[in-house]
Amino acid sequence: MTSSPGKVVLITGASSGIGAATARHLAERGHSIVLGARRTGRIATIARDIELAGGQAFFRELDVTDLDSVKAFVAAAHERHGRVDVLVNNAGVMPLSFVAELRIDDWNRMIDVNLRGVLNGIAAVLPVMTEQKSGHIINVASVSGHRVDPTAAVYSATKFAVRALSEGLRQESRDLRVTVVSPGLTRTELFDGIANPQVEAGARAMLDEASIPPGAIAEAIGFAIGQPDGVDVNELVVRPTAQG
């Protein structure tokens, strides 16, 4: 048993990886997709592919670190569809490094995208969903929000914060569903942002040893969305079987 199809789903960081896979997967399941990212060429291509396959999608340039940009993204979706059913807060960065390297610009970028970006998304959709008396906020965290490893201290801090924020929002809400999805090692572009060559090599070695495609996370997100309206799947951790 699933809730009714045809929801309006907004996805941040939709230009690649988990965001792009989620857009395609949910469109195949009959949902109307609104793609947001800074790389408009990529999301334009994904939206066109979805529509050529018979789905519904449109895109808008989005910078999740800018509250006005996020509000405009949500407003455009609401104007087009008359409602906003689901927000997938997916945008994220992961420039791993040892704390002693003092890559403070990277720390701030992770805070701005991974945490402030989620807060901006919530701030933009919450008034709409409150007025509708329904809605679903899905925050993409990480297994790094459950454990801390060397080089991931700041990244983990942002993902622990996303889990805490989500749980607080869930407890404050009676009409909204709140889901945290925590991917394990997933083949995405997140690893491209690692500046330390040794850290990057180690991360890519782990990817080669045990990883899953972004479509696996897209299916988990689809599962949470597809539950009956009174059922709130609060947290999903999705790892490769071989990941320790």
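Please treat every number below as a calculation from the coordinates, not as lab data. Since the model is a prediction, treat every value here as computed from it, not as a measurement. Cβ atoms come from the backbone with ideal geometry, glycine included; neighbour counts cover every protein chain shown.
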At 0.36 nm per residue, minus the direct Cα-Cα distance, what do THR241 and ALA44 gain on full extension? Give it in nm, one decimal, please. 67.5 nm
Just to be sure I understand the model, the point goes 7 Å from the Cα along the line to the Cβ. What's the resulting LEU67 to VAL148 distance in nm? 2.9 nm
Bridge type composition, the chain - antiparallel percent by DSSP, nearest 5: 0 percent
Where Lys and Arg each count +1 and Asp and Glu each count -1, what net charge lies around LEU10 among other residues with Cβ under 13 Å from its Cβ? +3
Rounded to the nearest 500 deg cm²/dmol, what is the calculated helix-only ellipticity per residue at 222 nm for the chain, with -39500 (n - 2.57) per DSSP H run of length n ≥ 4? -14000 deg cm²/dmol
Suppose a student asked you for the relative contact order of region 13-102, using Cα pairs under 8 Å spaced at least 6 residues apart; what percent would you report? 26 percent
Springs between alpha-carbon pairs under 10 angstrom, Gaussian network model over the chain: which of LEU52, LEU115, LEU126 fluctuates most? LEU52
Highest GNM mean-square fluctuation among ILE138, ILE104, ILE50, for the chain with Cα springs under 10 Å, belongs to ILE104
Principal-axis tilt of helix 117-132 within the chain, Cα atoms, nearest 10 degrees: 20 degrees
Near SER97, within a Cβ-to-Cβ distance under 11 Å, what is the net charge of the other residues, with Lys and Arg +1 and Asp and Glu -1? -3
What is the chain's relative contact order, in percent, from Cα pairs under 8 angstrom and six or more apart in sequence? 22 percent
Local charge sum around VAL128 (other residues, Cβ-Cβ under 14 Å, Lys/Arg +1, Asp/Glu -1)? +1
Just flag the trypsin sites (Lys or Arg not before Pro) in region 127-167 sitting in loop per DSSP whose Cβ has no more than 15 other Cβ atoms within 10 Å. LYS133, ARG147
Pull out the extension gain between ALA75 and ARG109, defined as 0.36 nm times the separation in residues minus the alpha carbon to alpha carbon distance; nm, one decimal. 9.7 nm
Sequence gap at least 6, Cα distance under 8 Å: using those rules, report the relative contact order of region 135-244 to the nearest whole percent. 32 percent
Extension gain (nm, one decimal) between ASP175 and THR130, 0.36 nm per residue minus Cα-Cα: 15.4 nm
What's the angle, to the nearest 10 degrees (0 to 90), between helix 153-172's Cα axis and the longest principal axis of the chain? 30 degrees
Starting from the Cα of LYS7, draw a straight line to each of the lysines and keep only those under 26 Å, dropping any in the same chain fewer than 8 residues away. LYS71, LYS133
